[in-house]
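The values are calculated or read from the model by the stated rules, or taken from the named source; none is laboratory data. Just so it is clear, the model here is predicted, and its values are computed rather than measured. Here Cβ is always computed from backbone atoms with ideal geometry, including for glycine, and neighbour counts include all displayed protein chains. Side chains included, ligands, DNA and RNA excluded: accessible areas come from the protein's heavy atoms. Shrake-Rupley method; radii C 1.70, N 1.55, O 1.52, S 1.80 Å.
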Amino acid sequence: MGALWKSHAPQGYLCPFCELLTGGLYSAGNLCAPTDLIYRSDEVAVIMACDGFGPHGGHAMVIPVDHHEALYDLPDTVAANIMYETRRIALAMKLAWNPEGTSTRQHNEPAGNQHVWHYHQHVFPRFAGDNLYGHLRHRVSVEERAAKAAQLRAALTEGNLFGENPERFRY
């Protein structure tokens with residue numbers, strides 16, 4: 001951490017994303033499910049979000065495997081890999097769901113609308129008139145998230161979006 005910001009995680013914070021990635025027991029209130037994991041590499045993972053916005057229930061989040069709270073404390077190589085994976089998951093969405101576009105967004109600190117104290121880059125499928133930024137979020141069922149994660153995994157494989165070394169990704 002630098003002098004420009006401080007952690008906003010409460011004392012004893014149990015990170016839901018770290019719990020998902022370690023595959024251990026989940027703390028009370030953790031909405032993640034094992035089926036949310038789309039894939040992971042050594043540095044970055046892609047998961048389904050527990051919340052949806054508007055009528056389209058699925059969006060993904062690109063997260064670092066190691067715990068980093070905000071954009072400010074990401075190592076340069078991890079930040080670069082997050083952008084690489086953001087592009088790939090947006091392409092997978094195009095293959096899996098045929099949206100008319102995609103959007104990404106990322107939040108830092110409470111005033112920046114961050115709610116989970118683990119860096120995450122949102123990737124949304126977009127449709128004309130979807131009013132993404134005008135909707136309140138809503139919970140998406142574990143079953144719907146699992147189905148969408150499977151669709152994105154299949155699109156990544158079908159579109160050869162795992163690249164030259166697909167064995168480095170796992171779920």
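Quick notes
- Protein heavy-atom accessible surface, 1.4 Å probe, per residue over the chain: 52 Å².
- Hz values of 3J(HN,Hα) by residue in the range 65-80 - Karplus curve (6.51, -1.76, 1.60), Gly and Pro given as x: 5, 7, 6, 9, 6, 9, 3, 5, 10, 6, x, 4, 5, 5, 4, 5
- Gyration tensor (alpha-carbon) shape descriptor, the chain, a/c threshold 1.5: rounded
- Just the protein heavy atoms count here, and of the accessible area of the chain at 1.4 Å, carbon and sulfur take up 55 percent.
- Cα shape, the range 90-138, gyration tensor, a/c 1.5 rule: oblate
- Prolate/oblate/rounded label for the range 12-101 (Cα gyration tensor, a/c 1.5): oblate
- Net charge dipole size for the chain [Lys, Arg +1 and Asp, Glu -1 on Cβ; Debye, nearest 20]: 340 debye
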